[in-house]
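Chemist: There's a structure below that I have some questions on.
The values are calculated or read from the model by the stated rules, or taken from the named source; none is laboratory data. All values reported here derive from a predicted model rather than from experimental measurement. A quick note on method: Cβ atoms are made from the backbone with ideal geometry, for glycine too, and the neighbour counts reach across all protein chains shown.
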Amino acid sequence: MNSWYNAEWNGYYASTGITTSNLAKKPKNVWGHLLNEWKNDGTGIADSKYTHHYIHPRTGKLYDLDTYLSWPYVDVTTSNGLELLTFIKSIGENISTVELNQIEPLGSKNYIWQALQHSRDNNLLPLYGFTTSTAQDQPQPSTQQESSVLSNRLRGKILLQIESHGEAWYVNPKDSKRYYMANGDKAYNVMRNFGIGITNKDLEKIKNDKIFAKKNSGKIFLQVEAHGEAYYIDFNGNAHYLKDGSVAYTVMRELGLGITNNDLSKIPEGSL
């Protein structure tokens, strides 16, 4: 059987389950995931016309993958997944080996939908994602090793506490601890406290050299040869000028990565 045809079904089993109502919100913590749409009560696949989706991790655009799938009951002779392969290549981006190794393996530390338990029983890729069952969704105890791995993976990231009120945190690259940014002024103070001095020459290099900029992703720089202007370097290599608290707050909301309370608790909290 064609490998890309297999990939269609493996993609189904590796998808993140998401309810119709949550899909409409396009939560950032599922950007970049293969998504399988479920009924709001969690009893089965949604009745929507399209149930397989993908949200672009950079743009947030929602794609309906059913448009590109060649299911066997439609036409066996063309069920090879080439349409899906073409689509994936069209939105694909280069990734380094280092970045690839930092990606969490499919299914680890995540929940399995009871309705698709057979995927695990038959050694298929596990389906992980949302659930409406509180019994399935109890936080798991964090180990020191888990905390260390998660903290290091999220260094320099701005995190938004999606299961509460969207509280924002910055993970300091130096100590891998999270620092609470309650509002624009707090965000500005946190970012200036962790700022690193940078020359005008190196700042210009960051603005014009993406490779160099991405090596400094998550860092905050202070323009020491000028008036101490603060810049945050995002993980696309873009420099954001933090003029004041209002701007810092806007940057914080736009670049924030959604995180669950359970995962946030694994990152040690720091204080200024």
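Chemist: Being more than 18 Å from the chain's Cα centre (by Cα) and at pLDDT 70 or above narrows it down to one of K49, K25, so name that one. Can you show your working first?
Modeler: Working: K25 fails: more than 18 Å from the chain's Cα centre (by Cα).
Step by step, each of K49, K25 is checked, and only K49 is more than 18 Å from the chain's Cα centre (by Cα) and at pLDDT 70 or above.
Chemist: Output the qualifying pairs, or none if there are none: Cβ atoms under 7 angstrom, residues six or more apart or on different chains, first residue in the range 210-231 and not assigned by TED's automatic domain parsing to the domain that holds M252, second residue among the aromatic types (F, W, Y).
Modeler: none
Chemist: A further question follows. Quickly run through the range 218-259 and pick out the residues that are buried (at least 16 other Cβ atoms within 10 Å of the Cβ), β-branched (V, I, T), under 18 Å from W169 (Cβ atoms) and at pLDDT below 90.
Modeler: Once the filter is applied, which keeps residues that are buried (at least 16 other Cβ atoms within 10 Å of the Cβ), β-branched (V, I, T), under 18 Å from W169 (Cβ atoms) and at pLDDT below 90, the range 218-259 yields V251, I259.
Chemist: In the range 167-187, is there at least one residue being of a type in the set (A, V, I, L, M, F, W, C), more than 23 Å from G32 (Cα to Cα), touching a residue at least 24 places away in the same chain (Cβ under 8 Å) and surrounded by 14 or more Cβ atoms within 10 Å (Cβ to Cβ)?
Modeler: Yes, the range 167-187 contains at least one residue that is of a type in the set (A, V, I, L, M, F, W, C), more than 23 Å from G32 (Cα to Cα), touching a residue at least 24 places away in the same chain (Cβ under 8 Å) and surrounded by 14 or more Cβ atoms within 10 Å (Cβ to Cβ).
Chemist: To continue, here is another question. Determine, yes or no, whether K210 is at pLDDT 85 or above, closer than 26 Å to W31 by Cβ and among the basic types (K, R).
Modeler: yes
Chemist: Taking the range 238-248 only, how many residues are farther than 19 Å from F221 by Cβ and in contact with a strand residue (DSSP E or B) (Cβ under 8 Å, 6 or more places away or on another chain)?
Modeler: Total satisfying the criteria: 0.
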